[in-house]
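Have a look at the structure below, then the notes.
The values are calculated or read from the model by the stated rules, or taken from the named source; none is laboratory data. This is a predicted model, so every value here is computed, not measured. Here the Cβ positions follow ideal geometry from the backbone for every residue, glycine too, while neighbour counts run over all protein chains shown. We work out accessible area using only protein heavy atoms, side chains counted, and drop any ligands, DNA or RNA first. Shrake-Rupley method; radii C 1.70, N 1.55, O 1.52, S 1.80 Å.
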Amino acid sequence: MAPTVTRIETTEFTYPLENVTTNPHGFDAVYEPGRTREMVTYGIRVHTDAGVTGEYVGGNSPAFAQVNLVADYLVGKNPLHREKHWSEMKRALRKYDRMGIGPLDIALWDFAGKYHDAPIHDLLGTYRRRFPVYVSTYFGSEAGGLDSPDAYADFAETCLDRGVGAFKIHPIGGLDDRDVDREVAIVRAVGERVGDEMDLMLDPVGEYHTFADALTVGKACDEQGFLWYEDPLRGATRSQHASRKLRQRLETPLLMTELVRGLEPHADFLATEATDFARADPEWDGGVTGATKIARVAEGFGLDVEYHLAGPVQRQLMAATRNANYYELGLVGPDFGTPHVESPVYLDGYTDAVDEVDDGHVSVQTGPGLGVTYDWDYVEENALGGRVYD
């Protein structure tokens, strides 16, 4: 007898994040020793009449507003029919960015793995079980921690000493218009300190105000032999034209598409030669189903996909993807504390802390589904609210 979804529960909850605050110049999470930032995320459980529950913890408020629009559709449906459900939810959310598909799709894949007693990467087709990491820094702040070019270089050197082979800079945010000298200095300091021994990346996340600023910093990346330059230009991170023009002027490969959503925009960026690497996020780009589609499109163009940030689902995808280079361990500060995306909800010891890296690598979980055990008591004890669909 085919399984059926009987009920879906979502829970919004909060958790503290130490040594992190919000940049006073903007919205970025920045590393600042001694501060604590309250984070908000969600848990989702897809219950079935098979006695197996698909689960996922992650996502944000805009995504779960969209979950509210489509969750009822899944009740009474076969949870194994993921491709059908993905297509229907995609159409239902056609007026929006479709971020609500991700948490639901991930929970359906978790169900499928548990139902078939296999990790998700086995269902997708395993390519590897161990993969290299790069440390992805927090944004810096004048308040301390990552507050200077030398501080970034020191952090990179410490990561190298721990066996990590790659390092990505999120620079000091809050730039004044045309003030990019500090950005160039950070790129040069890190490159000169560890560039001969580490792969280096720079990700301003749309910080730079003008094409000229982005070009100036990009040429510094060229000088230091960076592996990639990611989403540099404010307001143009979704522009194929602007990205292609920047790509034509630089030697450093561009990594775009973190800030466009879904399969077709990613395919268009690749087809128009507006990026060298694709970026996919399972939460933001339609779950395991959507992220896998992006990876396969990139593979068809002979290019690579890099999955965004860290977590149990990203590890499952990395294990099933040939054309991906690094697992993004982040965001991380010089204290090597818990990454900012990780809530304290794992009963099985899962973590993306740098201390768990072994010779520059991490491994995929081997248990069924996502391969993690969530602490739902913690979620409920710190709940802000939730919804039930039945």
Pairs, first within 17 Å of TYR374 (Cα to Cα) in segment 110-124, second surrounded by 17 or more Cβ atoms within 10 Å (Cβ to Cβ) and among the aromatic types (Phe, Trp, Tyr), C-beta under 9 Å, six or more apart: ASP110/TYR56; ILE120/TRP109
Complete set of residues in segment 326-339 that are open to solvent by 30 Å² or more (accessible area, probe 1.4 Å) and closer than 21 Å to VAL379 by Cα: THR338
Test result for LYS245, of a type outside the set (A, V, I, L, M, F, W, C), within 30 Å of GLY140 (Cα to Cα) and free of Cβ contacts under 8 Å to residues at least 40 places away in the same chain: yes
Subset of segment 4-46 [surrounded by fewer than 18 Cβ atoms within 10 Å (Cβ to Cβ), in contact (Cβ under 8 Å) with a residue 12 or more places away in the chain and either closer than 30 Å to LYS114 by Cα or of a type in the set (A, V, I, L, M, F, W, C) (or both)]: THR4, THR6, ARG7, THR14, TYR15, MET39, VAL40
The lone exception for ALA353 - which of (1) open to solvent by 10 Å² or more (accessible area, probe 1.4 Å); (2) among the aliphatic types (A, V, I, L, M); (3) at pLDDT 95 or above it fails: (3)
Residue that is open to solvent by less than 40 Å² (accessible area, probe 1.4 Å) and either in contact with a Pro (Cβ under 9 Å, 6 or more places away or on another chain) or within 26 Å of THR351 (Cβ to Cβ) (or both), where the choices are GLY262, GLY287: GLY287
Yes/no for GLY51 being assigned to a loop (DSSP other than H, G, I, E, B) and either surrounded by fewer than 19 Cβ atoms within 10 Å (Cβ to Cβ) or without any contact (Cβ under 8 Å) to a residue 60 or more places away in the chain (or both): yes
Selection count, segment 293-325, where residues are over 12 Å from the mean Cα position of the chain (by Cα), buried (at least 22 other Cβ atoms within 10 Å of the Cβ) and not aliphatic (A, V, I, L, M): 2
Residues of segment 367-383 satisfying the condition of being within 15 Å of ILE44 (Cα to Cα) and either β-branched (Val, Ile, Thr) or assigned to a loop (DSSP other than H, G, I, E, B) (or both): LEU370, VAL372, THR373, ASP375, VAL379, ASN382
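Filtering segment 110-125 down to residues that are touching a Ser or Thr at 6+ places or on another chain (Cβ under 7 Å) and among the hydrophobic types (A, V, I, L, M, F, W, C), which residue is nearest to GLY54 (Cα to Cα)?
PHE111
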Residue count for segment 203-233, restricted to those that are part of a loop (DSSP other than H, G, I, E, B), among the small types (Gly, Ala, Ser) and in contact with a Leu (Cβ under 7 Å, 6 or more places away or on another chain): 1
Residue count for segment 1-39, restricted to those that are assigned to a loop (DSSP other than H, G, I, E, B) and hydrophobic (A, V, I, L, M, F, W, C): 3
Total residues in segment 165-210, condition at pLDDT below 95 and either surrounded by fewer than 23 Cβ atoms within 10 Å (Cβ to Cβ) or touching a Cys at 6+ places or on another chain (Cβ under 9 Å) (or both): 13
Residues located in segment 64-81, provided they are part of a helix (DSSP H, G or I), open to solvent by 60 Å² or more (accessible area, probe 1.4 Å) and touching a residue at least 60 places away in the same chain (Cβ under 8 Å): ASP72
Qualifying residue in segment 91-102 (condition: more than 17 Å from ASP285 (Cβ to Cβ) and part of a helix (DSSP H, G or I)): no
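Please determine whether any residue of segment 266-276 is under 23 Å from PHE111 (Cα atoms), modelled with pLDDT of 95 or more and either outside any helix (DSSP H, G or I) or touching a strand residue (DSSP E or B) at 6+ places or on another chain (Cβ under 8 Å) (or both). Explain how you work it out, then say what you get.
To start, the set of residues in segment 266-276 that are under 23 Å from PHE111 (Cα atoms) comprises none.
No: segment 266-276 contains no residue that is under 23 Å from PHE111 (Cα atoms), modelled with pLDDT of 95 or more and either outside any helix (DSSP H, G or I) or touching a strand residue (DSSP E or B) at 6+ places or on another chain (Cβ under 8 Å) (or both).
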Condition met for LEU200 (in a strand (DSSP E or B), among the aliphatic types (A, V, I, L, M) and under 27 Å from ASP355 (Cα atoms)): yes
Evaluation of TYR134 against (1) open to solvent by 10 Å² or more (accessible area, probe 1.4 Å); (2) in contact with a Gly (Cβ under 8 Å, 6 or more places away or on another chain); (3) of a type outside the set (S, T, N, Q) (one fails), failing number: (1)
Criterion violated by LEU233 - all others in (1) crowded, with 23+ Cβ neighbours inside 10 Å; (2) on the phi > 0 side of the Ramachandran plot satisfied: (2)
Selection from segment 125-154 of residues that are over 20 Å from LEU309 (Cα atoms) and without any contact (Cβ under 8 Å) to a residue 40 or more places away in the chain: GLU142, ASP147, SER148, ASP150
